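Before any comments, here is the structure.
The values are calculated or read from the model by the stated rules, or taken from the named source; none is laboratory data. It should be emphasised that the depicted structure is a prediction, and the values quoted were computed from it without experimental measurement. All Cβ positions, glycine included, derive from the backbone under ideal geometry; neighbour counts span all protein chains shown.
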Amino acid sequence: MIRKIMKYANGYKRYTLFATIMVFIAVLCSIIPYFFVYQIINPLITGTGISIEAAVSRIVLILVFLALNFALYLGGLSLSHIAAFNILANIRKYIQKKLEGLPLGIIQDKGVGRLKKLVVDDVESLELLLAHAIPEGFGNLLVPLCIFIALILIDWKLALLTIITVPIGLWAVSCMTKTGFDRMENYYRSAQVMNSTIIEYVNGMEVVKIFNKDGESYKRYQNDVKAYRDFTLDWYKACWPWMALYAGIFACPAFFSLPFGAMLVLHGYSTLSDLILVLCLSFGLGTPLLKAIRFIPSLAQVGRKLDEIENTVNEKSLICSDKPYSGRNDDIVFDHVSFSYGQDEVIKDVSFNIRQGETVAFVGESGAGKSTLAKLIVHYYDVSKGHITIGGQDITDMSLEALNERISFVSQEQFLFNTSIKENIRIGKPGASDEEVLEAAEKAQCLDFISRFEYGMDTMAGDSGTKLSGGERQRISIARAILKDAPIVVLDEATAFADPENEEKMEKAISEVVRNKTLIVIAHRISSIRNADCIYVIENGRITGNGRHEDLLRTNETYSRLWKISQESIAWNVKNREVER
């Protein structure tokens with residue numbers, strides 16, 4: 001697992017190595033003072049005596065080594081943190097690179113919450129392993145080994161009496177670890193359920209209040225929080241006895257060496273001086289072991305999170321090349337295209353041609369596959385079968401940059417960054433002048449609401465564009481498309497947020513986008529696409545009819561029914577407006 005994470009270290013492996021060495025020496029420096037304590041105590045106990053000068057010199061040496069311990073430990077942890085945060089940066093860069101290569105549709109399917117947790121929370125949790133567990137864990141494990149060798153050289157009998165506490169303590173640690181691992185899955189599962197419930201409860205607070213679901217919603221919230229508490233306490237309670245056992249044993253390394261060592265001294269098998277030295281050094285045995293052991297649970301958790309990070313982003317990358325666009329024109333061809341979400345096939349053997357300059361619409365019931373077809377055109381996903389070409393060039397045979405230069409995609413959900421309205425529009429053409437941005441905003445019918453703001457075009461849009469209404473955000477996205485001026489325009493229910501007052505302005509804005517362009521429209525209002533050059537009727541991922549509006553009314557039952565529903569909806573809206581007046 002450490003080898004797996006070190007592959008992200010690049011040039012910072014040596015920092016971690018040096019940090020481990022420095023921490024090891026630092027821990028040794030914390031043990032050596034026990035030897036000087038022995039040199040002070042032994043003469044007093046054996047009756048040989050010690051001069052004040054000798055005692056003072058030993059005290060000074062103790063202070064020197066304690067100072068070295070502090071300095072080396074600090075230096076080691078400084079190096080380990082430098083390595084740790086650079087490795088975390090490399091992991092985040094790796095995630096970014098993998099995400100950039102994934103189909104955009106898959107990224108959207110994963111969801112913002114999951115990706116935020118992955119990039120921020122899960123990666124940050126690795127800091128404990130990199131900055132502390134590796135240097136401190138290994139450093140503190142090596143020191144007891146050195147102490148044991150020293151004890152063997154002093155008196156092997158006393159050494160064995162001292163070291164016998166270690167396997168007992170390690171047995172308790174293994175029992176705690178096994179017990180903890182058996183319950184870890186339930187702990188993580190309950191934590192995920194609780195987090196999801198809390199987010200749902202907070203986000204749905206308005207609905208809960210309006211429909212008087214406080215009791216039912218709070219009961220679920222309360223139950224999931226209690227379940228998390230119970231699983232956590234169950235985990236801790238199962239581990240606490242073993243923790244108390246090994247902590248007590250490691251904290252008292254003289255448990256066997258003091259009584260049985262005294263017997264060996266009384267019977268002449270060991271000397272009193274050796275026993276005193278062994279006892280002094282043994283007190284430096286427990287603390288490093290306790291420090292090293294405390295990182296064992298974190299190693300398991302970090303390994304799990306690293307696997308989750310890699311499993312999340314290690315999906316099949318989007319098929320594309322680095323070639324520029326070399327097509328003959330802007331004709332779009334779907335050649336026996338099929339596409340599946342997992343095992344669910346949603347687009348089934350679809351073929352059609354869209355000639356340059358044509359206006360084409362997709363209509364169908366919700367879930368029929370209209371938006372999926374639009375997303376396949378802009379290469380949100382790779383198709384399962386078949387080919388999509390623009391101007392005769394397969395979209396997988398060009399770079400995403402080249403494809404994006406050919407297409408403007410305006411969906412019903414547009415994201416605005418927390419920067420000025422001007423800069424949000426300029427995203428459509430990063431090198432555009434202020435005059436070009438202003439012209440695009442005017443054509444998109446944005447100036448009427450922009451003029452209401454004190455700072456006009458320099459007004460901040462807010463997080464995700466919260467300072468603007470849905471329709472206003474939509475017009476900003478249309479201004480981007482106007483500024484981009486791509487030859488192909490895809491409108492995926494672009495007027496979904498338009499209210500009656502703004503609908504006319506939205507239509508005018510869209511007319512500026514599509515002027516002299518190849519246009520693909522996914523519309524929920526059939527009346528808005530009745531003049532399209534060709535209308536495709538989509539049912540269950542298949543094309544069941546195509547033609548102009550009048551032809552489909554006569555020949556296609558599904559289209560006729562959708563048209564009837566659309567007309568009834570318009571009539572209902574007209575009546576509503578009359579009632580409001």
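Could you check how many residues of segment 16-38 are within 30 Å of F85 (Cβ to Cβ) and aromatic (F, W, Y)?
Of the residues in segment 16-38, 2 are within 30 Å of F85 (Cβ to Cβ) and aromatic (F, W, Y).
Output the residues belonging to segment 525-544 that are closer than 11 Å to L562 by Cβ, surrounded by 18 or more Cβ atoms within 10 Å (Cβ to Cβ) and under 38 Å from the mean Cα position of the chain (by Cα).
Correct list: I538 only.
Got at least one residue in segment 340-359 being buried (at least 16 other Cβ atoms within 10 Å of the Cβ), touching a Leu at 6+ places or on another chain (Cβ under 6 Å), polar (S, T, N, Q) and in contact (Cβ under 8 Å) with a residue 60 or more places away in the chain?
Checking segment 340-359: at least one residue is buried (at least 16 other Cβ atoms within 10 Å of the Cβ), touching a Leu at 6+ places or on another chain (Cβ under 6 Å), polar (S, T, N, Q) and in contact (Cβ under 8 Å) with a residue 60 or more places away in the chain.
Scan segment 302-331 and report the pairs whose first residue is closer than 30 Å to L128 by Cα and whose second residue is among the charged types (D, E, K, R) and in a helix (DSSP H, G or I), with Cβ atoms within less than 6 Å and a gap of 6+ or a chain change.
K305/D122; I309/D122; V313/K98
Out of I309, I347, I need the residue that is hydrophobic (A, V, I, L, M, F, W, C) and either under 28 Å from the mean Cα position of the chain (by Cα) or outside any strand (DSSP E or B) (or both). Which one?
Going through I309, I347 in turn, the sole match is I309.
Just to be sure before I move on: is T389 surrounded by fewer than 21 Cβ atoms within 10 Å (Cβ to Cβ), at pLDDT 90 or above, β-branched (V, I, T) and under 29 Å from the mean Cα position of the chain (by Cα) in the structure I sent?
So T389 fails the test.
Can we say N42 is at positive phi, in contact with a helix residue (DSSP H, G or I) (Cβ under 8 Å, 6 or more places away or on another chain) and in contact (Cβ under 8 Å) with a residue 40 or more places away in the chain?
Considered against the rule, which asks whether it is at positive phi, in contact with a helix residue (DSSP H, G or I) (Cβ under 8 Å, 6 or more places away or on another chain) and in contact (Cβ under 8 Å) with a residue 40 or more places away in the chain, N42 comes out as no.
Yes or no, residue by residue, for (1) of a type in the set (S, T, Y); (2) outside the structural domain of L28 (by TED's automatic domain parsing); (3) at pLDDT 80 or above:
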| site | (1), (2), (3) |
| --- | --- |
| A150 | no, no, yes |
| T162 | yes, yes, yes |
| I168 | no, yes, yes |
| R189 | no, yes, no |
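Is it the case that segment 353-360 has a residue that's under 35 Å from the mean Cα position of the chain (by Cα) and either at pLDDT 90 or above or outside the structural domain of R473 (by TED's automatic domain parsing) (or both)?
Within segment 353-360, not a single residue is under 35 Å from the mean Cα position of the chain (by Cα) and either at pLDDT 90 or above or outside the structural domain of R473 (by TED's automatic domain parsing) (or both).
Could you identify the single residue in E136, E100 that is of a type in the set (D, E) and over 30 Å from S411 (Cβ atoms)?
That would be E136, the only listed residue that is of a type in the set (D, E) and over 30 Å from S411 (Cβ atoms).
State the number of residues belonging to segment 22-43 that are among the β-branched types (V, I, T) and either within 15 Å of P144 (Cα to Cα) or outside the structural domain of L142 (by TED's automatic domain parsing) (or both).
Of the residues in segment 22-43, 5 are among the β-branched types (V, I, T) and either within 15 Å of P144 (Cα to Cα) or outside the structural domain of L142 (by TED's automatic domain parsing) (or both).
Could you tell me which of the residues E127, E136 is assigned by TED's automatic domain parsing to the domain that holds V23, surrounded by fewer than 18 Cβ atoms within 10 Å (Cβ to Cβ) and either modelled with pLDDT under 85 or within 19 Å of S80 (Cα to Cα) (or both)?
E127
In contact with a helix residue (DSSP H, G or I) (Cβ under 9 Å, 6 or more places away or on another chain), part of a helix (DSSP H, G or I) and either surrounded by fewer than 20 Cβ atoms within 10 Å (Cβ to Cβ) or not small (G, A, S) (or both): is that true of E315 in this structure?
Considered against the rule, which asks whether it is in contact with a helix residue (DSSP H, G or I) (Cβ under 9 Å, 6 or more places away or on another chain), part of a helix (DSSP H, G or I) and either surrounded by fewer than 20 Cβ atoms within 10 Å (Cβ to Cβ) or not small (G, A, S) (or both), E315 comes out as no.
Just to check your reading of the model, which residue among R183, R189 is more than 21 Å from the chain's Cα centre (by Cα) and part of a helix (DSSP H, G or I)?
The unique qualifying residue is R183.
For segment 94-107, give me each residue that is over 19 Å from G342 (Cα atoms) and either in contact with a Phe, Trp or Tyr (Cβ under 9 Å, 6 or more places away or on another chain) or of a type in the set (F, W, Y) (or both).
Matches in segment 94-107: Y94 only.
Give me the pairs, please: first residue somewhere in segment 363-385 and assigned by TED's automatic domain parsing to the domain that holds T544 and within 19 Å of E401 (Cα to Cα), second residue anywhere and crowded, with 21+ Cβ neighbours inside 10 Å and acidic (D, E), beta-carbon distance under 8 Å, and either six or more positions apart or on two chains.
Listed pairs, sorted by first residue: A374/D492; K375/D492.
Hey, among I91, I59, which residue is part of a helix (DSSP H, G or I), over 21 Å from the mean Cα position of the chain (by Cα) and surrounded by 13 or more Cβ atoms within 10 Å (Cβ to Cβ)?
The unique qualifying residue is I59.
Here is a check on your reading of the model: is G101 in contact (Cβ under 8 Å) with a residue 12 or more places away in the chain and either under 20 Å from Y12 (Cα atoms) or in contact with a helix residue (DSSP H, G or I) (Cβ under 7 Å, 6 or more places away or on another chain) (or both)?
no
Here are the criteria: (1) of a type in the set (D, E); (2) under 30 Å from A262 (Cβ atoms); (3) at pLDDT below 80. Tell me which single one E216 does not satisfy.
Unmet for E216, out of (1) of a type in the set (D, E); (2) under 30 Å from A262 (Cβ atoms); (3) at pLDDT below 80: (2).
Please count how many residues of segment 14-28 are over 12 Å from P288 (Cβ atoms) and touching a helix residue (DSSP H, G or I) at 6+ places or on another chain (Cβ under 6 Å).
Of the residues in segment 14-28, 7 are over 12 Å from P288 (Cβ atoms) and touching a helix residue (DSSP H, G or I) at 6+ places or on another chain (Cβ under 6 Å).
Got at least one residue in segment 467-484 being surrounded by fewer than 22 Cβ atoms within 10 Å (Cβ to Cβ), touching a helix residue (DSSP H, G or I) at 6+ places or on another chain (Cβ under 6 Å) and more than 16 Å from I510 (Cβ to Cβ)?
no
Considering only helices (runs of 4 or more DSSP H) fully contained in segment 468-581, which possess at least 1 residues that are modelled with pLDDT of 80 or more?
Of the helices (runs of 4 or more DSSP H) lying wholly inside segment 468-581, those with at least 1 residues that are modelled with pLDDT of 80 or more span 470-484, 549-555, 557-580.
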